[in-house]
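Working notes, structure below.
The values are calculated or read from the model by the stated rules, or taken from the named source; none is laboratory data. Quick caveat, the model's predicted, so the values are computed rather than measured. Note: ideal-geometry Cβ built from the backbone for every residue, glycine included; neighbour counts use all protein chains shown.
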2 protein chains.
Amino acid sequence: MTLIDPAGRTIARSDRRAVVAPVVPGSSALVPLGVGEVRLTGGFWATRQRVNAANTLPHIEHWLEREGWLANFDLAAAGTLPEGRRGREFSDSEVYKYLEAVAWELGRRPDAAIETRFRAVVDRIAAAQEPDGYLNTRFGRPGQEPRWSELEWGHELYCAGHLFQAAVARARTAPGADDGLLGIATRVADLVCDVFGEQGIRSVCGHAEVETALVELGRVTGDPRYIEQARLFVERRGHQVLKDIEYGRSYFQDDIPVRDADVMRGHAVRANYLASGAADVASELGDDELQQALRRQWLNTIARRTYVTGGQGSHHQDEGFGEDFELPSDRAYSETCAGIASIQFSWRMLLAEPDPAYADLIERTLYNVLATSPSEDGRAFYYANTLQQRVPGAVADVEEASLRASASLRAPWFEVSCCPPNIARTLASLDSYVATRDAEGVQLHQYAPAVIRTRLEDGEDIALTVQTEYPDDGRVTVRVDADASRTWTLSLRVPAWAEGAVLSVDPADGSTGSEQRTVPPGTAEVTRAFRAGDTITLQLPMAPRFEHPDPRIDGVRGSIAVARGPEVLALESVDLPAGLDDVADMVLDASIAPVVRDGEVLVTLRPRSVPEAPFPYTPAPGAELGDPVAVRLVPYHDWAERGPSTMRIWLPTA
Amino acid sequence: MTLIDPAGRTIARSDRRAVVAPVVPGSSALVPLGVGEVRLTGGFWATRQRVNAANTLPHIEHWLEREGWLANFDLAAAGTLPEGRRGREFSDSEVYKYLEAVAWELGRRPDAAIETRFRAVVDRIAAAQEPDGYLNTRFGRPGQEPRWSELEWGHELYCAGHLFQAAVARARTAPGADDGLLGIATRVADLVCDVFGEQGIRSVCGHAEVETALVELGRVTGDPRYIEQARLFVERRGHQVLKDIEYGRSYFQDDIPVRDADVMRGHAVRANYLASGAADVASELGDDELQQALRRQWLNTIARRTYVTGGQGSHHQDEGFGEDFELPSDRAYSETCAGIASIQFSWRMLLAEPDPAYADLIERTLYNVLATSPSEDGRAFYYANTLQQRVPGAVADVEEASLRASASLRAPWFEVSCCPPNIARTLASLDSYVATRDAEGVQLHQYAPAVIRTRLEDGEDIALTVQTEYPDDGRVTVRVDADASRTWTLSLRVPAWAEGAVLSVDPADGSTGSEQRTVPPGTAEVTRAFRAGDTITLQLPMAPRFEHPDPRIDGVRGSIAVARGPEVLALESVDLPAGLDDVADMVLDASIAPVVRDGEVLVTLRPRSVPEAPFPYTPAPGAELGDPVAVRLVPYHDWAERGPSTMRIWLPTA
């Protein structure tokens, strides 16, 4: 059987080097199924991918031009820097992330007009590259600070990393394309290896990113030098090679070597990008000690430093992790990019060690961080994802880049605008985070309507169609589209919250071999010589449920969150009955289970009135509760789509 | 009778312009008793004043030299700026605050050696003043940014304000001194009036401070122009005269005019300094509307935006207030300077409107913020005063200025070192915040061993001696030391927490006219024709008590604080029984009242163990409690004096 991917191309992907995905380890327990092998066909995520392609990508290009971040490359080419340069020191990286997003999108759905615009941007970048390969609009030219003179804050290697990732995306989705992007990237990478090699500057970039990018560039090009350079960067960090700063060296994870650390700390995006790079290095070099250090950090970080949304980063000041259990809703930062970076780290860990906990966290973060940031139309974004809005946020000016990471509703752009293009590249490559294969079969980690076509190492072709209305409904049906030549195993993740899930197998040939069983959280497997038409159904329990916080999380003590499937729910003031206008005055009656009525989740709340006191600390607590009312909750990712409101995820109990 | 103050000088202070205090309104309901009228003679605060004089002032001078902030003036005089200038843009102000502190200290206790050092510093400052009066080491010289070009962040007027306050302190404590400081200050002030007058730059300083200082300089010199300039600054702010910034214009209170605002917001020090200046302007101009706007802001801020310690400022990022009830312990900032600024604001309000609530807050802030910051030896300080220490802080390097406002134990100095000299000037002038007079008599607002000598408007001389071991003991005895020529009223503040206080009057001539009564929180008054030897005793209830938070404060829900008298208590890990090492694992048994044993407050705690879970949000909360143990609490201001520890003020209940 010849397999044809959804774009009409023949695929033969048993060679993992041919996989079209952001992360393709040279060896790993699981091999990702890339673009063409998995095609999301509808539902929650395909809708967002369509909005991303139709609205978000043009929106980003518009703002990159408008803010002059693209024009910085033209100034560099014309030799007129630094006059006229606009944007922060890392603005080049937004252009690269945009390019990466477009590359993935073109890989999913070729489009001549977009291809032309992609190449036009690449040409502008190419023109700015210096003869020795250096490429950065912020440093190194007359009137600018010297190259590599500001490693703590300069973001030069960070920008290079994003360039490499764009080039990798392009090389994988359009192998052999003559646009020159891969050559630009390798010239920069060669320079980085010359300058920062064993005999070079023995330091690192304040913002990790280049590590994971170098490994992937090494995987694409086959050049081991890039992977060795990534290894050097990973090993150097943690030995106080950067200057101390107000936030401490933990801010850039330069306090403890990666292999010695027990938990993630400091800036949450940096920490997760670093961990991703370290995981890549561990994978390429078979470094089990490093891999186990990362697993330890991942486990401790999830158990103690992660919000119920999957979000990470408790501090506004340093965009950083707090201490263990320091997870106040009040000042949750939960940066969108930290969520994306966490997905990247968890995905690499999952490929290395097939523990469904990794995919559980990815799912939680996808639905409650990645899906929360962009507006429904994909033209406005949350940078920080607070868990509690005390005062209705201002409506953001659609013509103004926001100076602030928070304090307004979703904004069209930011002075520091890392999040919009990061969302775009993630959505455009999201098909690649759904399923994997190993020698024994295929593993489904995320549930969405999809067509799956792949080939196992021994040449066994596998074709599946996933149908589901998840997360609105818990029924996931996997139809086998091709007869097997041997037995193989279909693995399905049963989320940790899904106690009581039921797995059914309905063979194409009627009742023979049909089965139905309850499957505990973890991994459910079906091993058979599948026949085309066989249907495997996973029924996940979708009743809304209470989630209780660890009592060591002071910020949400005495409160309960409500979740349904992978979605965390939120109480928004616009849903309160007439006469009640602030979610802060509502208390949950936890003795009454939430119910679903007409597709909406309702909880029982009671309004609380507190006597006004001159000082809010008194000998006896005083509050009166009013009559119970049923109030609907909305998925957190949908909040603030109906104008300014107050909002809470954590509901205090009576 | 001739009254001799404790320094041996004759006093005749019925003329309020002769009062030796930081704040001397031209007219006000209450007139402060200044240095010489009140002399703290022992106990809690006199001890700290001695440490301040003996250790803190030389420590500050040492660091001002060491960091080059004093030498910046020498560079300015030599014309060699900007090369070699050290310190942040506001470093001049630390020198001025130091001078102010020394001036107050010299006023309390003349010392020829210190006088000489004071004058030496003044001479260095004088040499740096430019011919037109401009004085700032950071702006305006060749190679520096122009004067007044950076009003948002430049702190030029802020520095000028601290210079004025130093000059005011000197003018009041050493009237007619020939050191030239007052002249330096008035030349700067004249320039400020020229540049920022009605026809000048219609803007303000990003950091309020000059407003209150200009009013006091006007009071000292009698020049109404300074008060008019203060009025202009107060009225201009809030009309978006400064640029928008990442934290929003509320950061420098430029979002809403002072007279329109309902609550304090933005940077907590700026907000309180501004409010202090506005209160001074309202007082001088008899502006009732402004005064009432400030009272409204004060009331709302205390009811909704103040920590149990009296501390203010919930955010690290912008050192700012949070929204109403956004008061997490986790990230309490509660900057020492914000506490001091809050005392300044409340004191001005108290002089204008004798509501004991103002003095209540001052007391709470004195004992739990001002007293917390400095170490016992007065050579190390907290900049931020967290309410919860999750991980033992590092011991600060005594030879290193800290880059950070938090994250270590008390540090000797900071890159931004506003707090140490602010503490020093406050302690050195603290006698002036204890008592006031009006036409009817004397009001005692704070309780400490003291000698009080003053004269009412009509010439009535009053002499009192206060004896107490407060706050260790609740008995406050006021002995009348002079026969009255008429009836007058002694007013005693009964703190809001002191339900059941008892007032006794014991006349010198035995039982005639003796009385004893329970007095409710508020003000207790005794009106009589006092005789020397009459004794008034206020017995305040000092049993430790629980304080319950308003249920709208999410950050401390389900928790209780313990206080005793004015002191908030804290649980510190070094006081846990063997085998228990983290305060986070302890739960309060609130059914058992705290007890005092051998002078120590004991509460009943139970260790809590939480089963380890991969994700800290679970279907059912699980925690086991161990056997109850009696554990001592320490006054919060004493915490972290026994090495690194974890600490909590708010104790979760079982």
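Each residue in the range B:418-457 was checked for being outside any strand (DSSP E or B) and either modelled with pLDDT under 95 or closer than 21 Å to residue B:22 by Cβ (or both), and 22 of them qualify. Within the option set A:519, A:480, A:494, A:476, being more than 19 Å from residue A:450 (Cα to Cα), at pLDDT 95 or above and not basic (Lys, Arg) holds for one residue only, A:519. Against the criterion of being buried (at least 22 other Cβ atoms within 10 Å of the Cβ), within 14 Å of chain B (Cβ to nearest Cβ) and out of contact with any Ser or Thr (no Cβ under 9 Å at 6 or more places or on another chain), residue A:247 does not qualify. For the range A:182-238, enumerate the residues that are of a type in the set (Asp, Glu), within 17 Å of residue A:25 (Cα to Cα) and either in a helix (DSSP H, G or I) or touching a Pro at 6+ places or on another chain (Cβ under 8 Å) (or both). Passing the criteria: A:211, A:216, A:228.
Looking only at the range A:346-393, count how many residues are of a type in the set (A, V, I, L, M) and either within 14 Å of chain B (Cβ to nearest Cβ) or assigned to a loop (DSSP other than H, G, I, E, B) (or both). Residues meeting the conditions: 10.
Only one residue in B:538, B:580, B:588 is hydrophobic (A, V, I, L, M, F, W, C) and surrounded by fewer than 21 Cβ atoms within 10 Å (Cβ to Cβ). Which one? Exactly one residue qualifies, and that residue is B:580. For residue B:325, the requirement of being within 14 Å of chain A (Cβ to nearest Cβ) and at positive phi is met.
Just to be sure, is residue B:232 out of contact with any Leu (no Cβ under 9 Å at 6 or more places or on another chain), away from chain A (no Cβ under 14 Å), among the aliphatic types (A, V, I, L, M) and without any contact (Cβ under 8 Å) to a residue 60 or more places away in the chain? Taking the combined requirement at face value, the residue satisfies it.
Scanning the range B:310-322 for residues that are facing chain A (nearest Cβ under 10 Å) and either acidic (Asp, Glu) or touching a residue at least 60 places away in the same chain (Cβ under 8 Å) (or both) yields B:316, B:317, B:318, B:319.
One residue stands out in the range B:596-605 among those that are in a strand (DSSP E or B) and of a type outside the set (Lys, Arg): the one that is farthest from the other protein chains (Cβ to nearest Cβ), namely B:600.
Taken over the range B:244-266, the criterion of being touching a Leu at 6+ places or on another chain (Cβ under 6 Å) and assigned to a loop (DSSP other than H, G, I, E, B) is satisfied by B:246, B:253, B:254. A residue that is at negative phi, buried (at least 18 other Cβ atoms within 10 Å of the Cβ) and more than 25 Å from the chain's Cα centre (by Cα) occurs nowhere in the range B:98-118.
Within the set B:459, B:500, B:474, the sole residue that is at positive phi and either buried (at least 21 other Cβ atoms within 10 Å of the Cβ) or away from chain A (no Cβ under 14 Å) (or both) turns out to be B:459. The residue that is modelled with the lowest pLDDT, among those in the range A:1-49 that are among the polar types (S, T, N, Q) and assigned to a loop (DSSP other than H, G, I, E, B), is A:2.
Among the conditions (1) free of Cβ contacts under 8 Å to residues at least 40 places away in the same chain; (2) away from chain B (no Cβ under 14 Å), the only one that residue A:343 does not satisfy is (1).
Residues in the range A:41-55 that are closer than 16 Å to residue A:366 by Cβ and not charged (D, E, K, R): A:43, A:44, A:45, A:46, A:47, A:49, A:51, A:52. Among the conditions (1) more than 12 Å from every other protein chain (Cβ to nearest Cβ); (2) at pLDDT 95 or above, residue B:514 misses just one, which is (2). Of all positions in the range B:561-582, none carries a residue that is at the interface with another protein chain (Cβ under 10 Å from one of its Cβ atoms), without any contact (Cβ under 8 Å) to a residue 40 or more places away in the chain and farther than 22 Å from residue A:620 by Cβ. Does the range A:416-427 contain at least one residue that is in contact with a strand residue (DSSP E or B) (Cβ under 8 Å, 6 or more places away or on another chain), surrounded by fewer than 24 Cβ atoms within 10 Å (Cβ to Cβ) and not assigned by TED's automatic domain parsing to the domain that holds residue A:556? No.
Note on the range A:500-559: residues that are among the acidic types (Asp, Glu) and within 24 Å of residue B:612 (Cβ to Cβ) total 3. Anything in the range B:532-557 that is of a type in the set (D, E, K, R), in contact (Cβ under 8 Å) with a residue 12 or more places away in the chain and either under 17 Å from residue A:556 (Cα atoms) or facing another protein chain (nearest Cβ under 7 Å) (or both)? List them, or say none. Listed by number, the residues that qualify are B:545, B:547, B:550, B:552, B:554. Among the residues of the range A:606-649, the ones that are outside any loop (DSSP other than H, G, I, E, B), within 14 Å of chain B (Cβ to nearest Cβ) and surrounded by 13 or more Cβ atoms within 10 Å (Cβ to Cβ) come to 9 in all.
One residue stands out in the range B:483-497 among those that are touching a strand residue (DSSP E or B) at 6+ places or on another chain (Cβ under 7 Å) and surrounded by fewer than 17 Cβ atoms within 10 Å (Cβ to Cβ): the one that is nearest to residue A:620 (Cα to Cα), namely B:489. Of the residues B:338, B:396, the single one that is part of a helix (DSSP H, G or I) and under 27 Å from residue A:318 (Cα atoms) is B:338.
For the range A:267-295, residues that are more than 24 Å from residue A:333 (Cβ to Cβ) and either of a type in the set (Gly, Ala, Ser) or assigned to a helix (DSSP H, G or I) (or both) total 14. Looking across the range B:503-515 at every residue that is within 20 Å of residue B:465 (Cβ to Cβ) and among the acidic types (Asp, Glu), the one that is surrounded by the fewest Cβ atoms within 10 Å (Cβ to Cβ) is identified as B:509. As a summary of the residue check, residue B:77 satisfies the conditions (1) part of a loop (DSSP other than H, G, I, E, B); (2) surrounded by fewer than 22 Cβ atoms within 10 Å (Cβ to Cβ); (3) of a type in the set (A, V, I, L, M, F, W, C) except for the one numbered (1).
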